[in-house]
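Q: The structure is given below, and queries will be raised subsequently.
Where a number appears in this text, it was derived from the coordinates with a stated rule and is not lab data. Predicted, not measured: the structure shown is a model, and the values here were computed from it. Ideal geometry is used to build each Cβ from the backbone, glycine not excepted, and the neighbour counts take in all protein chains shown.
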Amino acid sequence: MADPSIENAGLLVVDKSPGMTSHDVVSKCRKAFNTRRVGHAGTLDPMATGVLVIGIERATKLLGLLSLTTKSYTATIRLGASTSTDDAEGEILATADTGAITEAQIRAGVAALTGQLQQIPAKVSAIKVDGRRAHALVRTGTEFELQARPVTVHRFDVLDIAGAGGFIDVQVAVDCSSGTYIRSLARDLGEALGVGGHLTTLRRTAVGPFTLDHARTLDEVIAEPGVSLGIDAAAKLCFPLRDISDEEAESISQGRWLEPVGRKEIYTVVDPSGQAIALVQEKGRRAASVMVVRPATLR
């Protein structure tokens with residue numbers, strides 16, 4: 001009888017709806033797939049929509065190994081008001097007249113926030129301060145400061161600029177490194193222009209190799225449960241490959257190691273039939289598994 005931890009295992013790419021936490025999505029997927037073995041990679045704020053990567057069954061072990069270092073977003077930045085959370089869910093702290101702000105100034109401000117930056121995260125972020133999440137400390141009224149962190153904004157393009165009730169709404173597209181806060185870009189753009197700014201919409205269009213093309217809505221998943229990529233396909237898409245023999249596949253699937261071939265990154269070893277057997281990393285004279293996709297008992 002087939003083992004469900006392999007047969008049903010894989011990555012699910014959800015197009016998250018607004019108003020849901022990432023944990024809400026996990027809970028609904030547990031019910032849809034009738035398993036507790038569900039996890040997520042790369043949290044999305046409740047107000048955000050778009051790509052959220054979910055691991056099902058044995059593929060939950062992949063989540064911590066995925067190299068989701070690049071992310072893409074579309075967003076709306078509202079100039080003329082700053083908020084307590086740097087987004088539309090916070091209290092408005094101050095407003096300013098945007099009548100004198102020109103398109104050239106906005107584009108120059110965006111250009112200045114492109115490249116390698118030292119960015120101060122929003123205080124409602126999940127960053128830990130003395131062991132507690134910053135967003136939890138904010139709710140207690142505790143005063144604290146977050147340190148600037150290096151991030152890279154590869155692309156920050158203005159798609160549209162429109163007036164909106166005395167404010168200016170700037171539609172943007174952003175490609176950035178993991179750890180970049182789009183709401184902080186909104187805040188910093190508003191500060192640079194002297195009128196304040198905050199985020200009103202945020203949609204993640206890609207994370208690592210996963211895009212909206214892979215994604216299904218949660219309603220679609222509930223109606224017809226199924227992964228976007230089986231565990232074999234996921235392991236082969238997300239990591240470089242190394243072909244191995246049947247004998248080597250049997251060895252690594254039983255917890256032994258392979259001869260190294262001089263590679264530094266984690267890679268997937270694939271047997272002659274095309275099955276992903278394990279994720280492997282080389283250290284010294286050993287190429288040892290960091291995750292066995294198909295243990296000998298499941299092959």
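Q: Are there any helices in the chain, counted as whole DSSP H runs, that stretch 15 Å or more along their axis by Cα and score at least -0.5 on average by Kyte-Doolittle, and if so which?
A: 22-33, 182-193
Q: Could you tell me the calculated FRET efficiency between S273 and R155, based on Cβ-Cβ distance and R0 = 45 angstrom, to the nearest 0.05?
A: 0.65
Q: Using a 7 Å offset from the Cα along the Cα-to-Cβ direction at both L146 and S178, what is the distance between the two label points in nm, to one decimal?
A: Result for the modelled spin labels: 1.7 nm.
Q: Could you work out how much longer the chain between R256 and T69 gets when fully extended? Use 0.36 nm per residue separation minus the Cα distance between them, nm to one decimal.
A: 64.3 nm
Q: Express the relative contact order of the chain as a whole percentage, based on alpha carbon pairs under 8 Å and six or more residues apart in sequence.
A: Relative contact order here is 22 percent.
Q: Right, another one. Post the alpha-carbon centroid distance, the stretch 149-227 to the stretch 25-50, in whole angstrom.
A: What the calculation gives is 20 Å, centre to centre.
Q: Would you grab the residues whose amide H sits under 5 Å from the one on F167? Only those 5+ places off in sequence or on another chain, please, with H modelled 1.01 Å from N.
A: Distant-sequence amide H within range of F167: zero hits.
Q: From Cα coordinates alone, what are the radius of gyration and Dmax values for the stretch 150-247 in angstrom?
A: Cα-based Rg and Dmax for the stretch 150-247 come out at 19.5, 70 Å.
Q: Kirkwood hydrodynamic radius, computed over distinct alpha-carbon pairs, for the chain: how many Å, to one decimal?
A: Hydrodynamic radius (Kirkwood, Cα only) of the chain equals 21.2 Å.
Q: Under a crude label model (7 Å from the Cα following the beta-carbon direction), how far is D24 from E224 in nanometres?
A: In this crude label model, D24 to E224 measures out at 2.5 nm.
Q: Quick one: Karplus J couplings for the stretch 280-292, per residue in order, coefficients 6.51, -1.76, 1.60, θ = phi - 60°, nearest Hz, x for Gly and Pro?
A: 10, 9, 8, 9, x, 9, 10, 10, 9, 6, 9, 7, 8
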